[in-house]
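In what follows, a single structure is set out as structure tokens and then discussed.
The values are calculated or read from the model by the stated rules, or taken from the named source; none is laboratory data. Note that the structure is a prediction, hence the values are computed from the model and not measured. As a convention, Cβ positions derive from the backbone with ideal geometry for all residues, glycine included, and neighbour counts pool all protein chains shown.
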Amino acid sequence: MLSEYFGIDRRIVFDHTIDGYAPFVSLNSPHGSCRIALHGAHILSYIPHGTRDDLLWLSECAIYEEGTAIRGGIPICWPWFASEGSPAHGFARNRVWEVVRSGIDENDDPHITLRLEFDKETLALWPYRFVLELDIFVSKKLTIALRAKNVDEQSFSFTEALHTYLNISDVSDIRIKGLSGCHYSNSLDGKTYLEEGNITIDAEVDRIYSDASAVCQIEDSGRKRTITVYKENSLNTVVWNPWIEKSSGMKDMADGAYRSMVCVESANTAPNYITLSPGSIHEMRINISHKNF
Ligand code: BG6
């Protein structure tokens, strides 16, 4: 059915590789390819032409079970970030999304739109009627738009994140640029600091940067490439690496795997709540690209 309605020869291909689990879809552009799990509208992989290595990191121990978030790729945190509610990072990443549109543009680049709507279960967790859509465009860049619409009769507020796991050669070989001059709240000690200069990582990092709408660049000297995360309508950037101790307690992360990932998340976190009145829409947009050097 999905293939019949939304598949496009070689460009948009559905598969059902895990029994009892939601389907996956691959978007193949002449400029790169992307793989998405309908569980969570979760982008798992994006490989633009011109690089052998995925721009996204996906855990080799990721768990593919309904109701469990996949470790890696781009989990969608909505309608709350972190532990503002339960489950952590909201319910959107734990539910199966439907496909509502697909197509190819004049350059043969494919796109798809996935949707999650309120139902009895979401209302029990969060008492508002919403429609959430994710547009994914695959080209020389991976472009993603997360759009929330209030279809309730009352206003609601939410926080959100595109919890992007980036694939790096080694955590000691990267520098994150674009956050210098921003204050961050350090989740490890609850204090606020000013970022001065580029970020390097040599221990656990869990920070929420404020007034951080700028582009971030992850310069990877090991792989000799820079990954750029450009964003719109996102005031916060979260930088996270669990390091040794925390990752060893995570059953969906292999030993040492923390070295090959860093999360640079485009977000709107508390107190930057997005408030939507009935009928209104908010869209956060990012694109991810790379350049070799
Ligand atoms: C980050 C948070 O965004 O996500 C961290 O800042 C958290 O505190 C991490 O540990 C992973 O969360 P989860 O729920 O996917 O394990």
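Of the residues making up the stretch 191-213, just one is hydrophobic (A, V, I, L, M, F, W, C), touching a Phe, Trp or Tyr at 6+ places or on another chain (Cβ under 9 Å) and closer than 12 Å to Gly178 by Cα, namely Ala212. Only residues that are among the small types (Gly, Ala, Ser), within 27 Å of Trp243 (Cβ to Cβ) and in contact with an Asp or Glu (Cβ under 9 Å, 6 or more places away or on another chain) were counted in the stretch 138-189, giving 6. Being part of a strand (DSSP E or B), surrounded by fewer than 22 Cβ atoms within 10 Å (Cβ to Cβ) and among the basic types (Lys, Arg) is a property that does not hold for Lys251. Number of residues in the stretch 172-190 that are outside any loop (DSSP other than H, G, I, E, B) and surrounded by fewer than 20 Cβ atoms within 10 Å (Cβ to Cβ): the value is 7. Please verify whether Ile76 is within 14 Å of Phe24 (Cβ to Cβ) and of a type in the set (A, V, I, L, M, F, W, C), treating the condition exactly as stated. Here the answer is no, as Ile76 does not meet what is asked. Pairing each residue of the stretch 213-238 that is under 11 Å from Arg175 (Cα atoms) with any residue that is within 16 Å of the ligand (Cβ to nearest atom) and outside any strand (DSSP E or B), provided the two are 6+ apart or on different chains, yields C-beta distances under 9 Å for Cys216/Leu179. Of all residues in the stretch 211-233, those being surrounded by fewer than 17 Cβ atoms within 10 Å (Cβ to Cβ) and over 18 Å from the mean Cα position of the chain (by Cα) number 4.
Inspect all residues belonging to the stretch 173-194 and state whether any of them is aromatic (Phe, Trp, Tyr), over 17 Å from the mean Cα position of the chain (by Cα) and within 28 Å of Ser59 (Cβ to Cβ). Yes: one or more hits.
Looking across Ser221, Ser247, Ser187, one residue alone is modelled with pLDDT of 95 or more, within 16 Å of the ligand (Cβ to nearest atom), in contact with a helix residue (DSSP H, G or I) (Cβ under 8 Å, 6 or more places away or on another chain) and among the hydroxyl-bearing types (Ser, Thr, Tyr). It is Ser247.
Being away from the ligand (no atom under 13 Å from the Cβ) and either surrounded by 14 or more Cβ atoms within 10 Å (Cβ to Cβ) or closer than 23 Å to Gly178 by Cα (or both) is the filter here, so list the residues in the stretch 234-244 that pass it. Within the stretch 234-244, Ser234, Leu235 meet the criteria. With respect to the conditions (1) touching a Phe, Trp or Tyr at 6+ places or on another chain (Cβ under 9 Å); (2) within 16 Å of the ligand (Cβ to nearest atom); (3) not charged (D, E, K, R), Phe24 falls short on a single one, namely (2). Picking from residues in the stretch 250-279 that are polar (S, T, N, Q) and under 30 Å from Phe156 (Cα atoms), the one that is nearest to the ligand (Cβ to nearest atom) is Thr269.
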